[in-house]
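Have a look at the structure below before the remarks.
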Amino acid sequence: MFNSITNESEIWLDFCNLTDINPWDSTIMEFIKPEKDHMLNCIPKLFEHSKLINGQLFLYSNGTFKDDVEMGCEMRCLFPKSDWDLEYGNWIKVFNGTKPKCDVIEVQCKKNDGKVYYTFFHAQVYRKIPPPSIPLESSKKYDVHVIVLDAVSQTQFIRSMPKTFYFLREYYDAIPFKYFNKIGINSHPNGFAFLIGKMFEFIPKSPFSRGHIGQYPNRKRACRTPLDNEQFIGFRYKDDGYVTMMAEDWMGGALSYPYCEGFHKTPMDHYMK
């Protein structure tokens, strides 16, 4: 650990030699131990009684019930209002072909005694306004999709998910963010820098850095500040006329976990977490 320094002449190294790293370099091969295929001979323990197909819900009884009416299923919409609040829609009966008018749908089925035997959540991108019957003139703006795999290096991604890497590169011309690196511990400070472009932790001067000043004095201040007026990248795309979506696979969210204010209003047109 080096103490902060003030004399820039004491900086030994103020640049990074960025090189292409071989995911299969011979020096690390002894540490690479592929696990077995965990999906091989996997037997699902939960039967999926409901499926959302092209905007319609369908029920499957697995031979237990004679029809979709006897299954006793209902659904409700979940509407995000902020990073911490949901608005729950009313429960309605589900029949084959029911069309939910929302992004996130909760389905539950009850036995005759009222006991819930099945609960499942479905997600879709619900278009409130139908597309025009006559195709509009092709826009010169590109569609932009950013896929983030948290807690994994690019080289490990290539080793562990080679087919996914190949598919994205070859079929979608995906551009990997090379040399995208960490500036802090865990997801929050890194997501903050990536999507908002600000730091809330100071990087002190050292023999290996001139130091960098964060836009917030500390993490606590950043957490207590609502993000609705921040320079969030999603706002820039909305200002430019894009329809926006942000979908995360956990409740916390990279910009609000574990106790931060986050967004007081839903920041995107479609917001799922």
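The values are calculated or read from the model by the stated rules, or taken from the named source; none is laboratory data. Predicted model only: the values in this text are computed from it and were never measured. Glycine also receives a Cβ, built like all others from the backbone with ideal geometry; neighbour counts cover every protein chain displayed.
Filtering region 111-145 to residues that are over 30 Å from K66 (Cβ atoms), at pLDDT 95 or above and surrounded by 10 or more Cβ atoms within 10 Å (Cβ to Cβ) leaves V125, Y126. Scanning region 192-220 for residues that are farther than 22 Å from E10 by Cα, in contact with a Phe, Trp or Tyr (Cβ under 7 Å, 6 or more places away or on another chain) and not in a loop (DSSP other than H, G, I, E, B) returns F192, L195, I196, R219.
If I go through region 228-273 residue by residue, how many of them are in a helix (DSSP H, G or I) and basic (K, R)? Please lay out each step first, then the result.
As a first pass, look at region 228-273 and keep what is in a helix (DSSP H, G or I): 233-239.
Of the ones still in play, those that are also basic (K, R) are 236, 238.
Qualifying residue count for the region: 2.
Identify all residues within region 210-244 that are more than 19 Å from G197 (Cα to Cα) and surrounded by 14 or more Cβ atoms within 10 Å (Cβ to Cβ); write none if there are none. Y242 - this is the single residue of region 210-244 that is more than 19 Å from G197 (Cα to Cα) and surrounded by 14 or more Cβ atoms within 10 Å (Cβ to Cβ).
Contact map, region 228-250: residues that are free of Cβ contacts under 8 Å to residues at least 40 places away in the same chain and within 20 Å of S139 (Cα to Cα) paired with residues that are surrounded by 13 or more Cβ atoms within 10 Å (Cβ to Cβ) and among the charged types (D, E, K, R), Cβ distance under 8 Å, separation 6+ or inter-chain. Pairs shown: K238/D269; V243/D269; T244/K238; T244/D269.
On the basis of being free of Cβ contacts under 8 Å to residues at least 60 places away in the same chain and either in contact with a Gly (Cβ under 7 Å, 6 or more places away or on another chain) or under 27 Å from M246 (Cα atoms) (or both), does Q124 make the cut? Before the answer, list the steps.
Details: free of Cβ contacts under 8 Å to residues at least 60 places away in the same chain: no; either in contact with a Gly (Cβ under 7 Å, 6 or more places away or on another chain) or under 27 Å from M246 (Cα atoms) (or both): yes.
When the stated conditions are applied, Q124 does not pass them.
Being within 26 Å of T244 (Cβ to Cβ), of a type in the set (G, A, S) and assigned to a loop (DSSP other than H, G, I, E, B) is the filter here; which residues of region 147-191 pass it? Matches in region 147-191: A151, A174, G184.
What about V107, is it within 25 Å of G55 (Cα to Cα), within 18 Å of the chain's Cα centre (by Cα) and in contact (Cβ under 8 Å) with a residue 12 or more places away in the chain? If you could, list the steps in order and put the result at the bottom.
Working: within 25 Å of G55 (Cα to Cα): yes; within 18 Å of the chain's Cα centre (by Cα): no; in contact (Cβ under 8 Å) with a residue 12 or more places away in the chain: yes.
So V107 does not fit the description; no.
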